[in-house]
Amino acid sequence: MDEELLELQRQFEFAQQVKSTVRLSERNVVELVQKLHQLQIIDFDLLHTISGKEYITPEQLRNETVAEINKLGRVSLIDLADSTGVDLYHVEKQAQYVVSSDSSLMLINGEIVSNTYWDTAAEEINERLQECSQIAIAEIAGQLQVGSELVVSILEPRLGTLVKGRLEGGQLYTPAYVARVSAMVRGAARGIFVPMNTSALWNSLQSLLQEMDGAVGVAVDASFFQSLFNGLVKEGEILGSLRAGVHWTPSVFATAQKDCIDSFFSQNSFITYQALQKLGIPQPSQYLQSRYPEGISLDSTFAHPSIIEMLDAAVEDAIERNSWIDALSVLPTSFGSQDAFKILSLCPSVQTAQKSNRALNLGDSYIFSSGFVKDLFDRMEKEMETLNIPGLVGAGPVDEFRVAKDAKVGNDNSTGEVNETSSDAGISKQTSEKGSKKKKGKSGGNTKMAQAETGADNQESAPSKSKKSQRKGKASSGSQTSDSKSGARKDEDSLGAISEEWVIQKITSLNPDFEEQGLDDPEMIFLPLARHLRPLLVNSWKERRKAAFTENTQKIKKLLDNLQKKLDESFLNMQLYEKALDLFEDDQSTSTLLHKHLLRTTGTSMVDTLLLNLDMLDKLKNGVLTEPQTPESISLAPGDRITLAKSLPGLLSAKAIATAEALEGKRVEPFMSALRELAEESGLALKKLDKKLERTLLHSYRKDLTSQVSAETDPVSLLPQVVSLLYVQVHGKALQAPGRAISAALSRLKDKLDDSAFKTLVDYQSGTVSVLALMAAATGDEEDCTSDRILSKREVLEELMPALKGLVLGT
């Protein structure tokens, strides 16, 4: 047999050495292999190498991969692709197959690693650990060039077997090192006698270990200390309690803490939360409630039920005596007002008294018997009868402004203008002789000398008749609308005097025993009592005012009717006089003078009447006045007029102020607009002057002037009457002109009269001016001489009077 084998070997070697006469190229070989694949003669996969000159089967690639892993234990797929000469894609694909078929292998980060490799690495790590006592996981991961999490997952199943150590907080420790640190933790924890944060303790131990190990020492993580500490607590080697994982309270401290709290609470029947916080108890209320279930948890104090019994006896005694008591004066000083309020609500006597309305709890800690409060309210209600409310109580409008009027008249006597006086005096006489349908002026025709000395710009000129429209319903409705708009503000203003300060003042004066108690802060008791009494006093005041308003309803209606009549007559006259001002629009100075004169006379009288009546109406509605007054004879100063306007309620006040300010202007038109708005806001109607009414009023005005001129005996008063009558006859206008405007008014008549008549007027005007100038210039030493000259001038005027009268009367 051996000879035969040797023969076959020789033949095979010869066949190999014989050169073939036919050779195939690489391309032919490739095509031959592809043809064999197509014919399925080769029925398995073939992989090209990177060089393209070789074929390898997947099975062979897997075998070479397994062989490489068995040889090295850890193979990189990139290195495997280089060694086998196969593309990385095929290597990765076969590597996944190899790993999936062998549980001892793992594919991590492009590397195939076997368990054998990890066992060897674990043995090396254990050798180093025994030398160094501790190794950081990060350091091992860096050496093995893998992640720390992978190192931990590899080491954990091998701890106690291949690796003799303990893994904690990213560090590996030997059992001896763990025992050493555990002893340090045990000793440090047993040396603590007060509550402490374990983080501070671990920082101290870390510093100590670094000092002991020097530069080669590795910083121990706090979680390692905490783990050892938790184990020692669980085993009972350290006594105490751990809260929230970091707050350590030694049992010796807890025992002393408990004894201190029990001692204080048993002796005093209460303990404050602040005291427990000082002892290191962060939630004192819950702690005390769990320890003393029968206790009462208050706002800042924890009390024993015996405190309630003590306070209840004192409160019951105060209620029986119809008195009051401050719970804080009975309770210990540690109790606050909220504590007193809560503990009072638990007193049986307080609960019973409040249900039967025999007591009130005011200001948290004060208990007042209902009898005491009622007596105090009754006395204060009587005091309220004498209470003065600003702007509503006191003298009526007539008395309030009479002094101002007298002062104003006295001032006018010394400063009145000469020319202006002449005209106003004459016009005033017309007014004094009219009947009840004519509005009366302020002075009659029998006081000529007084009129000459007194500026009469404030008087209303020549009366006239008017058809008076009755708008009672509209005025009343409008007034109610205005009241509803300003009701809230009026209540606030009228009750402003019943303030908490006033109530406190009355409480002090009516109960001096409060101050005798020696309270540290009397306001603490006065303020809650005042806040309780003030609404009762306000309601009482409102009831009184409501009753008074009901009584005054008819008086209010009558006042509105009278005011509407006065306003109708005055406003129609104002419109009639306003039409005459158009004649002087080309003369700016005279026009301004006439506008101001009309505002100061007719306008002033109308506004004063309206404001005073609105003020009385407001007071009647609020129950302050019981009888309406008659303010016709009062003339207000500008400042008094503004003050009165401001006292009116709501939007009415703003309209009244605007009207009063327009009255001090230089034009009639803005005043008329402001007056219309004020009347509309007041619910009053202003009648517009139409053609028919204008003719009627102008006829009446002419008739009155004719009668006055015919009966006039004073030469000084005659001139303005004649000028007014001439304007009615010539221009059909009712002119109201002051003395300073008479000259300009006469010049407008020059073209309307013949020369002789105009000359008579001019001469008479010159003589009148001379008489008034002499009267104004008269002084003490020269009085007799001046009187003679005045008489001489008056005689000249008296001689011209028939001619002047004949000029306008046609006689």
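The values are calculated or read from the model by the stated rules, or taken from the named source; none is laboratory data. Please read these numbers as outputs of a predicted model, since none were measured by experiment. Cβ atoms come from the backbone with ideal geometry, glycine included; neighbour counts cover every protein chain shown. Only protein heavy atoms, including side chains, enter the accessible area calculation; ligands, DNA and RNA are left aside. Shrake-Rupley method; radii C 1.70, N 1.55, O 1.52, S 1.80 Å.
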### Query
Got a sec? Which strands (runs of 3 or more DSSP E) wholly within segment 228-302 have at least 3 residues that are modelled with pLDDT under 90?
240-243, 247-250
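State all residues of segment 247-297 that are β-branched (Val, Ile, Thr) and over 25 Å from Ile192 (Cβ atoms); if no residue qualifies, say none.
Ile271, Thr272, Ile296
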### Task
Scan segment 292-334 residue by residue and report those that are in contact (Cβ under 8 Å) with a residue 40 or more places away in the chain and more than 18 Å from Val350 (Cβ to Cβ).
Pro332, Ser334
#### Entry: Filter result for the condition that a residue is under 42 Å from the mean Cα position of the chain (by Cα) and within 14 Å of Leu663 (Cα to Cα), over Leu598, Leu611, Leu537
Leu611
### Task
Please go through segment 749-779 and pick out each residue that is open to solvent by 70 Å² or more (accessible area, probe 1.4 Å) and either among the polar types (S, T, N, Q) or outside any helix (DSSP H, G or I) (or both).
Lys750, Asp751, Lys752, Asp754, Ser756, Thr779
### Message
One residue is enough: does segment 253-276 have a residue meeting the conditions of a type outside the set (Asp, Glu), in contact with a Cys (Cβ under 7 Å, 6 or more places away or on another chain), without any contact (Cβ under 8 Å) to a residue 60 or more places away in the chain and open to solvent by less than 50 Å² (accessible area, probe 1.4 Å)?
### Response
no
### Task
Considering only segment 563-649, give the helices (runs of 4 or more DSSP H) lying wholly within it that have at least 3 residues that are more than 16 Å from Ala674 (Cα to Cα) and at pLDDT below 85.
604-621
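For Tyr727, state whether it is among the aromatic types (Phe, Trp, Tyr), farther than 26 Å from Thr609 by Cβ and either in contact with an Asp or Glu (Cβ under 6 Å, 6 or more places away or on another chain) or in the same structural domain as Leu774 (by the TED database) (or both). Reasoning before the result, please.
Details: among the aromatic types (Phe, Trp, Tyr): yes; farther than 26 Å from Thr609 by Cβ: yes; either in contact with an Asp or Glu (Cβ under 6 Å, 6 or more places away or on another chain) or in the same structural domain as Leu774 (by the TED database) (or both): yes.
Against the criterion (among the aromatic types (Phe, Trp, Tyr), farther than 26 Å from Thr609 by Cβ and either in contact with an Asp or Glu (Cβ under 6 Å, 6 or more places away or on another chain) or in the same structural domain as Leu774 (by the TED database) (or both)), Tyr727 qualifies.
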### Lone qualifier among Gly191, Gly110 - being out of contact with any strand residue (DSSP E or B) (no Cβ under 7 Å at 6 or more places or on another chain) and modelled with pLDDT under 85
Gly191
### Task
Could you grab the pairs with beta carbons closer than 7 Å, sequence gap of 6+ or different chains, first residue in segment 345-369 and part of a strand (DSSP E or B), second one at pLDDT 85 or above and of a type in the set (Lys, Arg)?
Ser369/Arg358
### Query
Got at least one residue in segment 694-709 being of a type in the set (Val, Ile, Thr), at pLDDT below 85 and outside the structural domain of Arg676 (by the TED database)?
yes
### Query
Going through segment 326-359 one residue at a time, which ones are open to solvent by less than 50 Å² (accessible area, probe 1.4 Å) and more than 38 Å from the chain's Cα centre (by Cα)?
Val330, Leu331, Pro332, Cys347, Ser349, Val350, Ala353
### Tabulated pairs, segment 119-133, first at positive phi, second surrounded by 14 or more Cβ atoms within 10 Å (Cβ to Cβ), C-beta under 8 angstrom, 6+ apart or interchain
Ser133/Tyr173; Ser133/Thr174; Ser133/Tyr177
### Query
Across segment 360-384, which residue is nearest to Ile504 (Cα to Cα) among those that are modelled with pLDDT under 80 and open to solvent by less than 10 Å² (accessible area, probe 1.4 Å)?
Met380
### Query
So how many residues does segment 707-740 have that are part of a loop (DSSP other than H, G, I, E, B) and open to solvent by less than 10 Å² (accessible area, probe 1.4 Å)?
7
